[in-house]
Structure formats: structure tokens, C-alpha cells
Amino acid sequence: MPDLLLELRSEEIPARMQRKAAGDLRKMLTDGLVEAGLTYEAAREYWTPRRLTLDVRGLTARSKDIHEDRKGPSTKAPEAAIQGFLRSAGLASIAEAHVHSDPKKGDFYVAHISKPGRSAEEIIAELVPAIIRTFPWPKSMRWGPASARPGSLRWVRPLQSIVCTFGPETEEPVVVDFEVDGIRSGNITYGHRFHAPEAIKVRRFEDYAAKLEAAKVVIDAERRKEMIAADARNLAFASGLELVEDEGLLEEVSGLVEWPVVLMGSFEDAFLQIPAEVIRLTIRANQKCFVTRPQGSEDALSSHFILTSNIEAKDGGKEIAHGNGKVVRARLSDALYFWNTDQGDLPDIDTLKGAASAFALDLAKPLDQRMARLDHLGVTFHAKLGTQGQRVQRIRSLAREIAPLVNAEPKLAERAAVLAKADLQTEVVGEFPELQGAMGRKYALLQGESPSVAAAIEEHYRPQGPSDRVPADPVSVSVALADKLDTLVGFWTIDEKPTGSKDPYALRRAALGVVRIILSARGPLPLTRLFDAALAQLAETSITKSLAAFEAKQDAIDSGDVDGEQDVDNALASYEAELRRDAIARAAPLKADLLAFFHDRLKVYLRELGARHDLIDAVITSEADDLLAVTRRVEALGHFLESEDGKNLLAGTKRAANILAAEEKKGTAVAAHVDPALFREDAEKALYAAVDQAVDSAGKEIHREDFAAAMRALSVLRAPVDAFFDKVLVNDEDQAVRANRLALLARIRAATDQVADFSKIAG
């Protein structure tokens with residue numbers, strides 16, 4: 001079977017685009033080949049900074065001939081229908097169609113379509129140019145004189161050559177001939193830009209890869225990554241150090257070089273006073289280099305870094321390492337300046353006294369100064385939700401209220417909330433926004449804050465994704481919940497909710513973070529109560545703002561009028577009452593909608609953990625605001641239904657519910673209460689006693705939130721329910737007896753409904 005080799009060589013492709021682009025090329029080409037009637041055994045993509053390569057094995061040499069009979073409309077059909085049939089069948093006129101007869105439907109047209117197969121070369125020559133012209137680069141460009149023409153080729157960087165060969169392993173492959181914007185396909189590629197820029201003639205993938213390797217190009221990106229990682233570890237080890245692993249940087253660096261050469265550079269030890277995170281980010285972001293640390297150390301870094309060059313220099317890379325070291329030292333000098341500046345007084349400290357008073361800040365402390373400045377500058381959080389300072393005040397109050405619920409010290413939670421956003425005004429975070437929180441923690445410890453307060457400043461952003469850990473310190477938990485709930489309730493208040501795939505404010509992530517924190521807290525945290533607290537803070541912000549605007553307007557109207565001052569006071573009081581009534585009226589539907597949103601997030605999270613969707617639906621109700629209790633019920637219900645008692649009770653209760661639902665739908669009378677005097681069978685009496693016992697026992701266990709015990713309490717119903725359906729006819733001729741027995745079934749349903757709606761469980 002023939003193989004296909006395709007290489008698209010260009011100037012340097014951005015590293016972040018390479019992997020996806022290679023995958024897109026494989027999918028577009030293989031999908032196109034299959035759609036054209038060809039099959040293949042395997043396809044693999046490769047990429048370097050200057051080329052995308054595809055190796056397709058076992059490709060059929062020709063597509064199959066197609067013979068198809070396409071049924072058309074009746075011979076008496078309207079002309080429009082006949083013309084549509086001709087277009088779809090590819091016929092020039094109705095004379096090319098055949099007439100078939102059916103005893104029932106009469107005469108109708110049929111098109112006998114025959115399409116001869118096409119050679120693979122013909123298909124490839126047509127497909128590849130179309131792929132190149134429609135390739136989905138995130139960003140692309142035109143170049144050269146041809147760029148002035150409408151419809152000229154766009155590519156991520158100037159496309160320089162195309163290799164496209166096709167043929168079986170036992171024969172000389174042919175060049176699939178085509179042209180794209182003046183670039184003709186061939187069998188010529190080029191090696192490393194500096195070490196081997198000469199032309200290289202290739203046949204198929206094996207000699208292509210081997211010849212490029214000899215020309216200082218490693219075509220396999222995963223192999224380049226392995227080479228860089230291994231050489232970097234060995235070089236660090238030889239110097240008594242160890243590499244600080246960074247998978248993201250390794251992926252990026254492997255996309256910057258075709259022939260990786262690993263070198264070591266250094267900087268002065270004086271820079272090690274800068275926090276390790278800042279050093280690492282400075283070197284990573286600016287020079288794409290790895291940092292090292294002394295062997296066995298977890299926190300401290302060394303003054304040596306690892307860089308990856310794309311050439312083998314004659315001097316062994318000394319000048320390259322030296323040049324990178326000069327740039328690193330310059331960047332670290334900036335970082336050291338930022339670090340020292342953040343620990344000093346702000347030049348505008350005298351203007352911050354008002355903000356300091358509002359937040360009970362100590363302006364002798366650098367981080368307090370930054371929080372005061374954040375409030376003083378009036379930095380906007382959202383046009384409809386106020387400033388960052390106003391938001392911090394809301395989080396502060398909310399964290400203080402949540403603290404007792406999670407066993408946190410309210411004063412520490414309040415202090416952590418006040419300082420949580422302060423590092424947004426630091427120089428280091430201004431340079432490296434990804435360090436927000438982490439720098440706040442360091443600065444908090446430097447100024448003597450409680451370790452719990454410092455930890456909360458960093459951890460209140462967590463979890464930021466499904467793999468991120470959840471904060472464990474109670475102070476961190478209270479501030480993290482306050483921060484996320486203020487965001488969620490705030491955006492719900494202004495009707496900025498996620499829609500479809502759009503979630504610009506990451507509200508789904510925030511809600512999932514709240515869900516994970518609540519489930520890890522292992523204690524009751526009713527969402528409705530948290531919503532009320534967050535709504536109260538938002539309402540105060542909104543009311544204060546509205547009243548200020550209203551008062552200013554009234555003052556302008558009644559300026560200089562003493563009686564007018566009293567009128568303004570009365571108008572303000574009336575307006576405030578109106579605002580509060582409106583806030584209360586809007587709260588109920590908002591909370592219900594937000595609670596439903598949390599239910600959706602909980603369902604997604606539990607399903608990802610392996611919970612059955614029907615069990616979640618059976619347990620959750622529209623009013624359920626204790627997510628931990630819901631989760632425990634789902635877990636207990638799942639274990640219970642795996643037992644024989646659970647399976648049989650499910651069958652019995654579903655039978656009872658189905659009979660009851662059918663009779664209720666027909667309008668059959670169901671007694672309001674079960675009357676033991678109407679019992680005729682021992683099975684009725686036994687079931688009645690068992691239901692009473694189950695309701696009482698299960699209710700007590702649910703009150704203790706021992707849902708597994710509640711399930712066990714319900715299991716006593718299994719035998720009485722089975723016996724009841726074996727020996728008792730529910731639809732007795734006596735209407736009173738029938739109504740009483742239906743009421744008994746209703747009691748079964750009510751008993752199981754304490755823990756779950758069994759009617760929603762599959763099986």
C-alpha cells in the first residue's frame with residue numbers, strides 16, 4: 001500500500017500554535033481523503049518551528065467506482081420537484097433518467113449514477129491546496145508582492161516550500177504535483193537554518209526523517225522534549241544542582257528549536273534575596289529558561305539557570321550563555337527594585353488617611369498602604385457593582401459572617417479579607433499578574449500578619465480549576481467563599497449570567513469552586529443563608545449609591561431653603577424604604593435561579609466523580625441548599641441500591657408509586673389518612689406497622705444527617721412491601737378499602753421520599 005509524505009515548511013511558527021496546527025493538518029487531510037473514498041492504515045503528525053509534517057501509511061491508490069440508483073419523484077410531479085431531482089443527481093435533463101413502475105405508487109424517475117474512481121494523486125493534488133488556503137490559524141499573514149492581490153495566500157508565517165511524495169515502499173515514490181500561490185510541490189526540503197541550509201532530496205518518511213536528523217533537525221517534538229529534559233537534568237546534576245521541572249516551559253522551548261543544545265548560565269547570588277517565584281517567572285517569561293535549586297531543596301533556588309540554544313556554537317556555547325546571563329541580570333535587577341519598592345512607603349501616603357480609616361488600616365505597614373491606595377484610587381471592579389474598595393468592604397463583612405460557620409476566627413477572616421486584594425497595587429504583581437495572592441502572602445508575613453491571614457490572601461482565589469487544591473485553613477475558606485459568592489450574587493443581581501458557551505466572568509468556575517469548598521468543609525453551609533448575606537451587602541452598596549445621587553439632586557432643587565432640607569430628609573427616607581422593598585422583592589427569584597445554577601454545577605461535579613445522574617436527580621430538590629447533605633444522600637443511596645434489600649425495595653416502591661400515580665390520574669379517591677380499622681389482610685397490618693417504624697427511624701437518622709442509617713431504616717420495608725403486593729389486591733371492589741389501600745401506598749411513597757424520589761431512579 002502506498003504512503004504519503006507531506007511537509008509544509010515556513011518561517012518560524014509560534015511555539016504555542018505548533019501542536020494544534022499539526023493536529024489540524026492531520027484531521028483535515030485524513031477527513032478529506034476518507035470523504036473522497038480513500039482509506040488509510042495510520043497517520044501521524046510532526047512539527048518543528050519551521051515545518052508541519054504528516055506521515056500517512058497504507059493509503060489506497062485509488063477510490064472505488066460508485067454505482068448508485070437514486071430514486072426520484074413521480075413522473076407526474078411538479079416541474080420544480082423534477083428540476084430539484086436533476087440537480088441533486090447531476091443529470092443534464094430528464095431524458096437521462098429512467099422510469100420505473102410501482103404497482104401502488106405508479107411511475108417514478110430513477111437516476112442510475114456511475115462515478116469512476118479517482119487516483120489518490122489526483123485527490124491529494126486537489127485536497128492539499130484547499131487545506132492550505134483554508135487552514136484555521138489563530139492569526140495569519142500575507143507577504144511579498146503577491147500580498148497585494150485579492151485572495152492571495154495567508155499563512156501563519158511566509159510559506160517557503162511544500163514536499164508531497166506518494167508511492168509504495170517497493171517503488172520510487174512520485175511527486176504529487178500542484179501549486180499554491182506560486183509555490184510548487186516537490187521532493188526538496190532544507191535542513192537547519194544555520195548548520196545545514198542546503199537543499200535535501202527526500203523520497204518517503206524514513207529517509208526524510210533520517211536526512212533531516214543528519215541536517216541537524218529533530219522532526220519529532222516529543223523526542224526534542226526528552227532530549228532537552230534529559231540534558232538539562234544531567235547538566236544540573238553535574239553542577240550539584242537539580243532542575244526545577246516545568247512542563248509548560250518544556251513544551252514551549254521544544255517549539256523554539258529544531259536542534260536543541262542545552263547550556264547553563266548564571267547570575268549573582270545577591271539576586272537570590274528575591275522570592276523564588278519572582279526569579280522563576282522573570283527568567284521564564286523573558287528568556288524561556290529553566291531555574292535550578294540545590295539538591296534536596298524545595299524552596300531555595302540556585303544562581304544557575306538552564307537555557308536551550310538552537311545551534312552548536314564553536315566555543316561550546318560560552319557566548320550564548322554569557323549573553324543570556326546579561327539579559328537575566330538586567331531583568332532580575334528590575335525584579336529586585338520592584339521587591340524592595342513594595343516594602344517601602346508609598347509616595348502619596350498622606351492622601352490615604354481617609355481610606356485607611358474606612359478599612360481600619362495601619363499606614364505604618366506597606367501592605368496596608370497598598371490596600372488604602374486601591375480604595376483611594378477608586379479602581380473600578382464593574383461599572384454596575386462599584387469599585388474594588390466597595391467590593392472589599394462587602395467581602396470583609398461577608399467573610400466575618402461566614403467565619404463562625406467554618407470554625408474561623410471572625411477578626412482574622414475580616415483582616416484577611418481587607419488585605420486580600422492589596423497586592424494588586426504592588427510593583428511585582430503589576431509586572432507579573434499571575435503572582436497575585438502569592439506576593440500578598442509574602443508581604444503579609446513580612447509585616448507580621450498571622451500565618452492564617454497570610455495564607456488566606458493567597459488561597460482565597462482557589463480553587464481556580466478542577467485540578468487546583470481547595471483551601472483548608474478555616475480563615476482561607478471563609479474569605480474564598482466570600483470572594484466567590486460576592487462575585488456570583490453580584491453578577492446575578494445585574495443579570496450578567498453565563499449563556500450557552502459564553503462565561504466572560506468565569507462564573508461557572510466560581511460556582512464550582514464554592515461547591516468544592518463546601519464539600520471539603522465537611523459541615524453544613526446552607527447556600528440560601530450565604531446568598532442572603534451577600535445580597536444584604538450588595539443591597540447596601542446599591543442603596544448608598546442611589547441615595548447619594550438622589551440627595552444631590554434634591555439638594556440642587558431645594559438649595560438655600562430651610563424647609564427644603566426637611567423635605568429632602570423626608571424624600572430620602574421614603575426613597576430608601578422604596579429601595580429596600582424593591583431589593584426584598586427581587587431577592588426571592590434571584591436566589592431560586594442562583595440555587596438552580598449551583599445544582600447544575602453540583603450535578604456536573606458529582607457525575608465527574610462517578611455518581612449516577614438518576615441518583616442525583618432523585619435526591620436533589622429545587623429547595624436543597626445544603627450541598628454536602630445532597631452529596632451524602634447520593635453516596636448513601638448508591639451504596640444502598642447495590643444491596644439486595646435496596647434493589648428489591650426500589651422495585652416495590654416504584655410499583656407502589658406507579659399504581660398510585662395511575663389511580664390519581666384517573667381521579668380515584670385516595671383516603672387522607674390510613675384507617676387500620678379497614679384492614680382485611682395481615683399483610684396490610686404488617687406493612688402499616690413497618691411504614692410507621694421506617695418513617696420514625698429514618699426521620700431520626702436524617703435529622704442526625706446519617707443517611708446510610710436512614711437507608712438501613714427504610715430497608716425494613718422490603719419484606720412487608722413484597723408480601724403486600726403478593727397477597728393484597730389494591731383495587732378492591734369496596735371503595736373505602738381501595739381508598740385506604742391507596743393511602744397506604746402513599747405512606748410508602750412519603751416514607752422513601754424522606755431520602756429520595758425513588759420514581760426518578762432507573763431500574
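The values are calculated or read from the model by the stated rules, or taken from the named source; none is laboratory data. Treat the numbers as computed from the prediction; the structure is a model and nothing was measured. Note: ideal-geometry Cβ built from the backbone for every residue, glycine included; neighbour counts use all protein chains shown. Ligands, DNA and RNA are stripped out before the accessible areas are found, and what is left, the full protein with its side chains, is counted by its heavy atoms. Shrake-Rupley method; radii C 1.70, N 1.55, O 1.52, S 1.80 Å.
The peptide list 522-532, 737-747, put in order of mean Cβ contacts within 10 Å with the highest first, becomes 737-747, 522-532.
What Kirkwood hydrodynamic radius do you get for region 239-374 when you take the inverse of the mean 1/r over all pairs of distinct Cα atoms, in Å? Result for region 239-374 stands at 17.1 Å. Peptide packing: for 593-601, 51-59, the average count of neighbouring Cβ atoms within 10 Å per residue gives the ranking 51-59, 593-601, highest mean first. When Rg and Dmax are taken over the Cα atoms of region 636-721, they come to 14.3, 39 Å. Dimensions of region 185-246 based on its C-alpha atoms, expressed as ranges along the principal axes with the largest first, amount to 49, 21, 16 Å.
Taking only the alpha carbons of region 24-86, we obtain Rg and Dmax values of 20.1, 63 Å in that order.
Only protein heavy atoms count here; on that basis, with a 1.4 Å probe, HIS112 has an accessible area of about 80 Å². Taking the protein heavy atoms of the chain in the context of the full set of protein chains, the accessible area attributed to carbon and sulfur is 51 percent at 1.4 Å.
Along the axis of the charge dipole computed for region 175-234 (Cβ charges of +1 for Lys and Arg, -1 for Asp and Glu, origin at the Cα centre), the listed residues VAL180, ALA214, ILE228 are led at the positive end by ILE228.
Rounded to the nearest 500, the 222 nm mean residue ellipticity of the chain from helices alone is -17500 deg cm²/dmol, with -39,500 (n - 2.57) taken per DSSP H run of at least 4 residues. Just to verify a number: FRET efficiency for ALA662 and ASP495, C-beta to C-beta distance, R0 = 41 Å, to 0.05? Given R0 = 41 Å and the Cβ-Cβ separation, E is 0.45.
Please compute the length gained on full extension between TRP143 and ASP107, using 0.36 nm multiplied by the number of residues separating them and subtracting their Cα-Cα distance.
6.9 nm
In a reduced charge model with +1 at each Lys and Arg Cβ and -1 at each Asp and Glu Cβ, region 393-463 shows a dipole moment near 260 debye about its Cα centre.
With bins 5 Å wide beginning at 0, the percent of Cα pairs of region 605-678 falling in each bin runs 3, 12, 16, 17, 16, 15, 12, 6, 2, 1, 0. Near ALA236: Cβ cut-off under 12 Å, other residues only, Lys/Arg at +1 and Asp/Glu at -1. The net charge is -1.
Projecting the Cα atoms of LEU606, VAL99, ALA360 onto the charge dipole of the chain (Cβ charges, centred on the Cα centre) puts VAL99 farthest toward the positive pole.
If you take mean projected area of the Cα convex hull in nm² from the coordinates, which of (1) 30.0; (2) 55.9; (3) 32.1 do you get? The calculated read-out lines up with (2). The distance between label points at ALA285 and ARG223 comes to 3.6 nm (points 7 Å beyond Cα on the Cα→Cβ vector). Quick one: net charge around ILE188, please, counting Lys, Arg +1 and Asp, Glu -1 for every other residue with C-beta under 12 Å from its C-beta. Surrounding charge for ILE188 is +3. Counted residue by residue at 0.36 nm each, then reduced by the alpha carbon distance between them, the extension gain from ASP65 to ILE349 reaches 93.9 nm.
For the pair ALA689 and ARG508 in one chain, pulling the backbone fully straight at 0.36 nm per residue adds 60.4 nm over the alpha carbon distance. Listed by chain and number, the lysines whose alpha-carbon sits under 21 Å from that of LYS318, ignoring those within fewer than 8 places in the same chain, are LYS216, LYS288, LYS326.
Based on protein heavy atoms only, the chain ends up with 48 Å² per residue of surface accessible to a 1.4 Å probe.
Charges only on Cβ, +1 for Lys and Arg, -1 for Asp and Glu: so what's the dipole of region 292-439 about the Cα centre, in debye to the nearest 20? Working shown, then result.
Values: 18 positive and 20 negative charges, 71 e Å.
Here region 292-439 has a charge dipole of around 340 debye.
Excluding PRO73 itself, what net charge comes from residues whose Cβ is under 12 Å from its Cβ, given Lys and Arg +1 and Asp and Glu -1?
Spelling it out: positives minus negatives among the neighbours equals +2.
A dipole drawn for the chain from +1 and -1 charges on Cβ atoms has a positive end, and of CYS164, ALA21, ALA743 the residue lying farthest that way is CYS164. Rounded to the nearest 20 debye, the dipole size of the chain about its Cα centre is 1700 debye, using +1 on the Cβ of Lys and Arg and -1 on the Cβ of Asp and Glu.
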